[in-house]
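Encoded as structure tokens, the structure appears first; notes follow it.
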Amino acid sequence: MVSRFRISVLVPSAVLMLSGLGLLWGCATGPNFVVKDDPWRSPEERACLASGAVRQTAFVRPRSALGGPSVCGAESPFEMSAADNGRVELRPPASLRCPMIPQIDSWVRDVVEPAARRYFRQEVVGLTVLASYSCRPMNSVEGATISEHAYANAIDIGGFILADGRSISVQRGWGGSEGEQVFLRNVHDGACGYFMTVLGPNYNSLHSDHFHLDLAHHGLTGLKNICK
């Protein structure tokens, strides 16, 4: 059975250990969220680090921390400023845990860049990042389960920047020109082969302006894919 406890988060005025439950951190006011006991997170991150799949480069740099003491964050986070060996800039850079980085690289290289060449005859030079690490509940809803963003295990992509200066916005392009619609649906659907959760404008209004991509475990085996 998954154990859950409720957390209050803001600049900490006190830190209290609750035996058998975990860490309660926060002030009298602030967003509350429910934290699950996810034993897969630490081994998965350590395995990624040990594999050498992510190495320090000019575009992927280790970060020493992601804020102060809390249940949020990652053991060894990175700042990713570009994908596909620097060819596609992340604007702004994203704070991410190790397993997310090779998946973003592969999605950009194998799906996004070919789609841009096919539908616009242009190279993609940038991704507009609306969110990466953020210690908060899902959808910033008070009392909801902790977000994958809180573990640096998610990224929100708001648009794609082409070499000719055009920006293909998820919000405008999802119902935009034929080329924009086909391109955005192609990169959205293609992301489902690289991430465990892919949510876009067809999911709900909260995702009308971005694609949410994460590596959360779903279902009894953790291998269920959610693509909406």
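No lab work stands behind these numbers, since they all come straight from the coordinates. Just so it is clear, the structure is predicted and the values come from calculations on it, not from any experiment. We place every Cβ from the backbone using ideal geometry, glycine too, and count neighbours over all the protein chains shown.
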Completion exercise
Once the dipole of the chain is set up from charges on Cβ (+1 Lys and Arg, -1 Asp and Glu), the residue from the list GLN181, SER76, SER95 lying farthest towards its positive end is SER76
Exercise for the section: Kindly provide the GluC sites (Glu not before Pro) of the stretch 58-131 that DSSP labels as loop, not H, G, I, E or B, and whose Cβ sees at most 14 other Cβ atoms within 10 Å. Expected result: GLU75, GLU123
Practice task
Obtain the nm distance between the two label points defined at LEU130 and ARG46 by a simple spin-label model: each point lies 7 Å from its Cα along the Cα-to-C-beta direction.
Solution key: 3.6 nm
Practice task
Please quote Rg/Rh for the chain to two decimal places, taking the Kirkwood radius as Rh and restricting both calculations to Cα atoms.
Solution key: 0.98
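With r as the distance between the Cβ atoms of SER140 and ALA53 and R0 = 41 Å, compute the FRET efficiency 1/(1 + (r/R0)^6) and round to 0.05. Intermediate results must be reported in sequence, preceding the final value.
Working: r = 31 Å, r/R0 = 0.76.
Using R0 = 41 Å, I get an efficiency of 0.85.
Between the DSSP loop rule and a limit of at most 11 other Cβ atoms within 10 Å, which trypsin sites (Lys or Arg not before Pro) in the stretch 59-156 are left? Mind dumping the intermediate values first?
Numbers: sites: ARG63, ARG87, ARG97, ARG109, ARG117, ARG118, ARG121; in loops: ARG63, ARG87, ARG97, ARG121.
Those that pass, being in a loop and sparsely packed, are ARG121.
Using DSSP to define loop residues, name the chymotrypsin sites (Phe, Trp or Tyr not before Pro) in the stretch 120-228 whose beta-carbon has at most 16 other beta-carbon atoms within 10 Å. Before the final figure, lay out each step's value.
Values: sites: PHE120, TYR133, TYR151, PHE160, TRP174, PHE183, TYR194, PHE195, TYR203, PHE211; in loops: TYR133, TRP174, TYR194, PHE195, TYR203.
Hits after loop and neighbour filter: TYR203.
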Problem - Distance (nanometres) between label positions extended 7 Å along Cα→Cβ at SER205 and ARG185 - result: 2.4 nm
Handout entry: Label-zone membership for the stretch 181-195, site THR221, 7 angstrom Cα→C-beta point, backbone N under 19 Å
Key = 192-195
Practice task
Work out the charge dipole of the chain with +1 on the Cβ of Lys and Arg and -1 on the Cβ of Asp and Glu about the Cα centre, then indicate which of VAL129, GLY143, SER208 is farthest towards its positive end.
Solution key: GLY143
Fill in the blank from the handout: By the C-alpha gyration tensor axes a ≥ b ≥ c (rounded if a/c is under 1.5, else prolate when a/b exceeds b/c, else oblate), the shape of the stretch 103-222 is prolate
Fill in the blank from the handout: the chain: antiparallel bridges as % of DSSP beta bridges, rounded to 5, reads 85 percent
